[in-house]
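These notes concern the structure reproduced below.
Bear in mind these aren't lab numbers, they're just calculated from the coordinates by the rules spelled out. Computed from a prediction, not measured in an experiment: that's the story for all the values here. Cβ placement follows ideal geometry from the backbone for every residue including glycine, while neighbour counts extend to all protein chains displayed.
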Amino acid sequence: MNKHIDDTRLNDYVEGLVTEDVARQVEVHWAVCEACSGRLEALTLLLSELVGLPGDATPARDLWSGVRTAIEAGSGQGEQ
Amino acid sequence: MELAPVPQIDTEVDDPIDLVHQMVRQAQSGDADAFEGVYRAHVGRIHALCLRMSGDAQEAESLTQDVFVRAWQKLSSFRGKSQFSTWLHRLAINVVLQDRRTRARGQAREQTVDNLEQYATAVTEAMPGTKVDLERAIAGLPPGAREVLVLRDVQGFKYSEIAEIKNVSLGTVKAQIHRARHLVREALER
């Protein structure tokens with residue numbers, strides 16, 4: 001496989017969505033193509049950074065008073 | 001400022017999930033004080049989701065409030081078949097997507113360099129230690145691409161789940177996510 005790996009195949013490979021045959025072909029290509037192995041490295045790093053982002057954020061102000069006001073203003077349960 | 005009364009919760013409950021379920025049950029019977037406990041237990045995760053999916057700090061505050069008001073209104077529909085946090089998360093995603101659809105019909109918000117800098121400052125305060133360049137790059141994505149990237153790569157939803165949530169084909173979701181990742185990498189390289 002001499003052609004560069006396209007973006008779809010690159011993403012599918014990283015997510016384990018390619019067959020073993022295709023995986024082998026792209027791995028052979030990566031072994032000899034610096035450009036594609038660089039793209040693989042960049043995508044893998046990006047995905048690991050995205051999954052590692054903090055899951056909690058503190059609002060700049062306490063939002064509970066606004067919620068309480070809204071629910072006391074008649075937004076009763078059972079409404080859709 | 002008058003302090004809110006402390007919700008009357010059974011102190012024998014040690015498991016935090018059981019404690020939340022107890023507060024949910026009390027809130028389902030109309031106890032707003034118990035609902036405050038539910039809010040305090042979940043506001044961090046919901047606000048993080050709203051921040052990243054909207055890419056705007058002020059909008060995220062408004063969305064976070066809306067999520068909890070909607071949760072209160074729909075609390076009777078929670079039957080306990082899933083974790084409450086899962087139910088609340090799906091509701092939050094729907095609130096954010098509905099808000100964006102409403103906006104798209106009116107005047108869409110433009111993401112300027114100034115907006116992104118304000119967002120980066122807000123995100124640093126809201127989530128100390130986060131990767132601010134990455135957060136800025138996510139916020140700079142077109143709305144549709146930003147939403148699918150956050151759902152897939154930050155929240156960990158499956159492609160099929162995202163397709164269902166967004167009511168689009170699997171192929172569309174994959175294409176949007178690949179494009180979003182490409183755009184984020186480009187932004188980080190600038």
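Observations, loosely collected:
- Residues in region B:125-131 carry Karplus couplings, in order, of 6, 6, 9, x, x, 6, 7 Hz; the curve used is 6.51 cos²θ - 1.76 cosθ + 1.60 with θ = phi - 60°, and Gly or Pro positions show x.
- Calculated [θ] (222 nm, deg cm²/dmol) that DSSP helices of n ≥ 4 give over chain B, each run adding -39,500 (n - 2.57): -23000 deg cm²/dmol
- Debye, to nearest 20: dipole size of region B:95-161, +1 on Lys, Arg Cβ, -1 on Asp, Glu Cβ: 360
- Mean Cα-pair separation over length for chain A, i.e. relative contact order, pairs under 8 Å, 6 or more apart, %: 26
- Across region B:181-187, coupling constants 3J(HN,Hα) worked out from phi with the 6.51/-1.76/1.60 Karplus curve, θ = phi - 60°, read 4, 4, 5, 5, 4, 4, 4 Hz, and Gly and Pro carry x.
- Longest stretch of chain A clear of exposed loop sites (trypsin sites (Lys or Arg not before Pro), DSSP loop, at most 15 other Cβ atoms within 10 Å, sites excluded): A:4-60.
- Trypsin sites (Lys or Arg not before Pro) within region B:48-114: DSSP coil, no more than 10 neighbouring Cβ in 10 Å: B:Arg79, B:Lys81
- Stretchable slack from A:Glu27 to A:Lys3, in nm (0.36 nm times residue separation minus alpha-carbon distance): 7.4 nm
- Note that region A:37-47 has calculated 3J(HN,Hα) couplings of 5, x, 5, 4, 4, 5, 5, 4, 5, 4, 5 Hz, one per residue in order, obtained from phi through the Karplus relation 6.51 cos²θ - 1.76 cosθ + 1.60 (θ = phi - 60°); glycine and proline are x.
- Cα-centre dipole for the protein assembly as shown with unit charges at Cβ (Lys and Arg positive, Asp and Glu negative), debye to 20: 980
- Electrostatic tally near B:Ala27: other residues with Cβ closer than 10 Å to its Cβ, Lys and Arg +1, Asp and Glu -1, net -2.
- Taking Cβ separations below 4.7 Å as the criterion for a possible disulfide partner, the isolated cysteines in the protein assembly as shown are B:Cys50.
- Of interest is the spacing of the C-alpha centroids, which for region B:31-47 and region B:143-190 amounts to 29 Å.
- Sites excluded, GluC sites (Glu not before Pro) in DSSP loops with at most 10 other C-beta within 10 Å, longest stretch of chain B: B:13-109
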